[in-house]
Amino acid sequence: MTEQRTYGDRVGVVTVTYFPGETLEKFLDTLDKATDRDVHVVVADNASTDGAPEKAAERENVTLVSIGENVGYGTAANRGVAALDDSYGWVVVVNPDLEWEPGSLDALIEVAGRWPRGAAFGPLIHDLDGTVYPSARLLPSFGRGIGHAVFSKVWPGNPWTREYRQENAAPTERTSGWLSGSCQLFRREAFDSVGGFDTRYFMYFEDVDLGDRLAKAGWQNVYAPSSSVMHIGGHSTARASAKMLRAHHASAYRYLADRHQGLLWKPVLAAVKLGLALRVKLETRKG
């Protein structure tokens, strides 16, 4: 019988880096104003050579975990979380190209105190121009997911995308199917109970998958818009956009295939796989 692990009340922050550049310094500077707590930061680096992770590690509260190769987002995040001892009962997994609003991390922790079955807590995320990103969404059912994948580029206002992205939902504190992986506060007990991120996902859909598995294990994903952060976005993925596009479609297929198993689904999944491959080809050619 596995011994039940107990966790303390300390807060750790894990950020996955891949050539983060100057964004990492800004991330750390704004984090200092996001909480009154003493927060330890783990930089889980996927073989960057720009020197930014090493510079960050010169700070007293930062530890660098050098992975030595690009293992993807979820795998690196898991290794970063594993570098924290059991005194850390709360872990933020967050992109480095994000800037914290003053008090935003403390606001997330305050919300967590109101949800005893809350496993993941996501802040309101806005872009540079103030546009709110739809970061709390429904899970992509087969029909909703395919409708969004097929029509989102050519018909942005289609009903499947609107429903999936929950863009018309008011920014109120509520449960959600899943939360954007760009910034989430996790209850360590819940995160570890489901094994963290599924390492089969190199990039994309690892947050969707985790949100689904947490909910199936009896936990909740909670949108907490009383906390607000700004996400610059795309800094590292811009280095290999064609590769990232292929990774996105591969992850989308994996998510659907995992949840629709059996002989009856095989022809449907084969058609989906072909459609996604064609879309990658068209988008890559267009780029």
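What to note about this one:
Conditions (1) aromatic (Phe, Trp, Tyr); (2) open to solvent by 10 Å² or more (accessible area, probe 1.4 Å), marked per residue:
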site	(1), (2)
TYR18	yes, yes
THR23	no, yes
PRO53	no, no
THR63	no, yes
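- A single member of ASP50, ASP97, ASP85, ASP45 is within 28 Å of SER226 (Cβ to Cβ) and either without any contact (Cβ under 8 Å) to a residue 12 or more places away in the chain or among the acidic types (Asp, Glu) (or both), and it is ASP97.
- Hey, LEU124 touching a strand residue (DSSP E or B) at 6+ places or on another chain (Cβ under 6 Å), assigned to a loop (DSSP other than H, G, I, E, B) and over 16 Å from PHE27 (Cβ atoms) or not: no
- Here LEU214 clears all of (1) surrounded by 22 or more Cβ atoms within 10 Å (Cβ to Cβ); (2) modelled with pLDDT under 95 except the condition numbered (2).
- Selection of the range 252-267 for residues being aliphatic (A, V, I, L, M), without any contact (Cβ under 8 Å) to a residue 24 or more places away in the chain and under 23 Å from TYR204 (Cα atoms) yields only ALA257.
- Being over 29 Å from GLY80 (Cα atoms), of a type in the set (D, E, K, R) and either surrounded by 20 or more Cβ atoms within 10 Å (Cβ to Cβ) or modelled with pLDDT under 95 (or both) is a condition met by at least one residue of the range 121-144.
- Flag for SER104 being surrounded by fewer than 17 Cβ atoms within 10 Å (Cβ to Cβ) and touching a strand residue (DSSP E or B) at 6+ places or on another chain (Cβ under 6 Å): no
The values are calculated or read from the model by the stated rules, or taken from the named source; none is laboratory data. Computed from a predicted structure; not experimentally measured. Using ideal geometry, Cβ is built from the backbone for each residue, glycine included, and neighbour counts are taken over all protein chains shown. Surface accessibility is based on the protein's heavy atoms, side chains included, excluding ligands, DNA and RNA. Shrake-Rupley method; radii C 1.70, N 1.55, O 1.52, S 1.80 Å.
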